[in-house]
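Worksheet for the structure shown next.
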């Protein structure tokens, strides 16, 4: 198929960027979206032009490196899908496709389609852990039974890949879905309850410091999340935050 | 013994590690604060090691090429992690895990290392649960297990099809706790380009900041390489796009011996190649073989009709299907080890029974499992006389709960519903058992330079069993390196900080800068990918699932020529003083072009078949691997001497005192 790509090109963080047209031909429906960009880059390379830089690594939807705002949607038109798992069969011959970086104050552009998501790391560093030493000298793994329902729900939250689609989808560039997923994972487990209050306070504080916006319950994050993290996690985080604030 | 001293402690197998820990030197907490450690790679091995070193009090610097440690490729491991907990009461024990691993590795791994791995396996699970890793549980609230290939017990712990992700996020969280305390400084989007030795000891690295292009010097008292495997030498593999051998290869060039490069794991259940545009291959977890049955049509004409789209696999009755693993290996059936399953698939496809357009695929079918689970659920939920549809619906529910994300991934890529039509799968390069040679301390032949996880060679012999990579990565990082490195560093308490303005750092930095300049000044005929794909073709055709002397000799010659062509004609657009992904790729492919040749040379030297290394000249009448214990019961450790063709082979002879060497049989 033939496509007209409009891709954001930006030399570095300081230079102003712009959309550039790249017509492309010979795209097969079985190609992934990133393989389509590989084809474009090989063409640019052959012409002696600089390829389009974009983040990607595992290409199986789990590492969270790939991003891209495709036709205005994080990870493109498909649901529960990362850009690397999006296939060209979702597009038609003659389509125009806008490809931009994830946009948020807390995700500054590094180059072209690559953004800096280290703000996510700093939120995790503020409290996204259980403070046990890694000696292995803990209690036996089966010493504390955990209801399957809670373990499963904890796991659902733990599947967050930290891609930032929730932020890119949100008109406020809020990171509440991301932050609440980690808080929920631990809040649902007895091991995580011990530091629950301190954790939620520290992580929310860092989230605000990074310049992410507030949640106004539009639910766009839930729709775009490639791992299907539920809006209920934000509600749980709010409850945790309220009870931490009143306890303190 | 030669110049390779494995430093295996004396005493009975089961007491070696305990005795070792009692005998080593310790560093007191105040002195640990004066000692720096560099960890390259932040996957399961590197992440867990870095967190533990920092927790003990050392100053740690971590390096990863990704934008966050959380994205290391350990994250993509799906099926599970083994541990000899015997929660199922099915006869498991440390000895049995040890035995299965040595046998699974086709008797080419070190007894003492493997036993230690089995010994600490239980602790890993305790540790991860304490860290909040949400493993799958039974309704009673206790941990669930499943089975993996090559064993007769259920010892695999899992978190849906995302076990690697959960364990990595656990290690990442442990790292974050130490970053928050200021004990780890994380250098993300940084790539190690070389190792610096001072007085023969590893004392630092030269790294490139991948955003600014700056070349940086970092010093430490010890350097841990946990930079993963080299499967991407095949271009197409299940590895991440960025996975590379650079850190290990640079260390090799500085004196670390490289062991068993030809031991590669070709994983049997991956999504088949669909076209020339393909950039990587996707694994479908081995756990699927718990419930999926592998087959091809019995009749060649049926296979042909399916290939041409004239027939659907569901039209074939049970009698018309050849469940070839169940037929050939009745004892282990669909759960034979990976190397055996892969070769069996290749054998059927080569014989003309392949089922996709290219003839390079077999079926993985869940029909029986859906029916079995459906009937069980109907009984549990009290449906009397359930309809066939109800049974299917209930059964699909269970299969979805167990493997839902894998089924979804398959559907996204192939555009077919695997609940209805059987999956098509084919073997693909997945893991490399070879790696830097290490002794019992996980130290390479360079003092102070350690290798952990997939980057070392030590535990899996010639074939790794499923769910053992996660176990080894975390064992090395959480429980082994923290002891062994302490013993080494106890001699460094008076050393003080290592300066980076020395002649040694000057010289290595110059080498790095020269190399980048040379890459940037290629004549510009072809892209990096052009060379990488060519290398991949040579490797897959001549060093893949089966090898022979003629092909290997050709491969050596072709790779060597391709390497010269690359250095003369590669084209890298842009500049080196900023973010440049083509330059990053070029450095990695340059190393693969050396490693690939050594790989072929190693395979040519090993005149036997064992595990993942199958030499066509050495097989039984039934087509099974034919080992030669008399002549090849050793680890091949290669010393760098300039060009791969000049590399010198050193042998570490393997001694089996606790296991009787047998022909591996899964019949």
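Here, each number is a calculation from the coordinates, and none is a lab measurement. No experiment lies behind these values; they were computed from the predicted model shown. Cβ atoms come from the backbone with ideal geometry, glycine included; neighbour counts cover every protein chain shown.
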**OP:** Just round it to a whole percent: the fraction of Cα-Cα distances in the stretch B:553-630 exceeding 15 Å.
**Re:** 66
Original post:
Averaged across the residues of B:54-64, what count of C-beta atoms belonging to other chains lies within 10 Å of each residue's C-beta?
Top reply: 1
**OP:** Could you pull the Cα extents of the stretch B:1-61 along its three principal axes, largest to smallest, in whole Å?
**Re:** 35, 26, 24
Subject >> Centre separation in Å (Cα based) which lies between the stretch B:440-486 and the stretch B:227-268 >> reply: 15
**OP:** Among DSSP beta bridges lying fully in the protein assembly as shown, give the percent that are antiparallel, nearest 5.
**Re:** 70
**OP:** Would you please state the base-10 log of I(q)/I(0) at q = 0.11 1/Å for chain A, with intensities from the Debye formula using one equal scatterer on every alpha carbon?
**Re:** -0.64
Subject >> In Å, descending, principal axis extents of the Cα set of the stretch B:270-405 >> reply: 49, 35, 30
**OP:** Give me the distance between the Cα centres of the stretch B:544-584 and the stretch A:28-63, rounded to whole Å.
**Re:** 20
**OP:** Could you tell me which of rounded, prolate or oblate describes the stretch B:281-331, using a ≥ b ≥ c as the square roots of the eigenvalues of the alpha-carbon gyration tensor, with rounded for a/c under 1.5 and, failing that, prolate when a/b is larger than b/c and oblate otherwise?
**Re:** oblate
**OP:** For chain B, find the longest principal axis of its Cα atoms and tell me its angle to the long axis of helix B:581-605, 0 to 90°, nearest 10.
**Re:** 70
**OP:** Take peptides B:506-516, B:533-543 and line them up by average Cβ neighbours within 10 Å, highest first, as a rough protection proxy.
**Re:** B:533-543, B:506-516
Subject >> 10 Å Cβ neighbours from other chains, averaged over peptide A:153-163 >> reply: 5
Original post:
For chain A, modelled as a GNM with alpha-carbon contacts under 10 angstrom, which of A:95, A:78, A:156 fluctuates the most?
Top reply: A:95
Original post:
Given the options A:107, A:129, A:120, which has the most mean-square fluctuation in a GNM of chain A, springs set between C-alpha atoms less than 10 angstrom apart?
Top reply: A:129
Original post:
Do the sum for the protein assembly as shown: with -39,500 (n - 2.57) for every DSSP H run of n ≥ 4, divided by all residues, what is the mean residue ellipticity at 222 nm, to the nearest 500 deg cm²/dmol?
Top reply: -11500 deg cm²/dmol
Original post:
What ranking do B:31-42, B:404-415 get when scored by the average of other Cβ atoms within 10 Å per residue, highest first?
Top reply: B:31-42, B:404-415
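What translational diffusion coefficient, in µm²/s and rounded to a whole number, does the Stokes-Einstein relation yield for chain B at 20 °C and a viscosity of 1.002 mPa s, taking the hydrodynamic radius as the Kirkwood radius over Cα pairs?
84
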**OP:** Using only the alpha carbon atoms of the stretch B:150-222, find the Kirkwood hydrodynamic radius as the inverse mean reciprocal pair distance, in angstroms to one decimal.
**Re:** 15.6
**OP:** May I ask what percent, to the nearest 5, of DSSP beta bridges between residues of chain B are antiparallel?
**Re:** 70
Original post:
In percent, how large is the relative contact order of the stretch B:269-429, given Cα pairs closer than 8 Å and 6 or more residues apart?
Top reply: 30
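State, as an integer percentage, the relative contact order of chain B based on alpha-carbon contacts under 8 Å between residues 6 or more apart.
Numbers: 1455 pairs, mean separation 139.9, N = 667.
Once divided by the residue count of chain B, the mean separation gives 21 percent.
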Original post:
Within 10 Å of each Cβ of A:25-35, how many other protein chain Cβ atoms are there on average?
Top reply: 3
Subject >> Rg to Rh, two decimals, where the stretch B:86-164 supplies the alpha carbon set and Rh follows Kirkwood >> reply: 0.98
**OP:** Would you please calculate the Kirkwood hydrodynamic radius of the stretch B:314-360 over all C-alpha pairs and express it in Å, rounded to one decimal?
**Re:** 11.6
Subject >> Convex hull volume of the stretch A:3-110 per residue (C-alpha atoms, cubic angstrom) >> reply: 107
Subject >> For the stretch A:118-247: relative contact order, % (alpha-carbon pairs under 8 angstrom, 6 or more apart) >> reply: 34
**OP:** Assuming a ≥ b ≥ c are the square roots of the Cα gyration tensor eigenvalues, decide whether the protein assembly as shown counts as rounded (a/c under 1.5), prolate (otherwise, with a/b larger than b/c) or oblate.
**Re:** rounded
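Determine the shape class of the stretch B:405-541: with a ≥ b ≥ c the square roots of the Cα gyration tensor eigenvalues, call it rounded for a/c under 1.5, and otherwise prolate if a/b is greater than b/c, oblate otherwise.
Details: a/c = 2.82, a/b = 1.36, b/c = 2.08.
Taking the square roots of the gyration eigenvalues as a ≥ b ≥ c, the stretch B:405-541 is oblate.
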**OP:** Kindly state, to the nearest 0.05, the FRET efficiency for residue A:205 paired with residue B:501, given R0 = 51 Å and r defined as their beta-carbon distance.
**Re:** 0.80
**OP:** Could you sort B:155-166, B:381-392, B:609-620 so that the peptide with the highest average Cβ count within 10 Å comes first and the rest follow in order?
**Re:** B:155-166, B:609-620, B:381-392
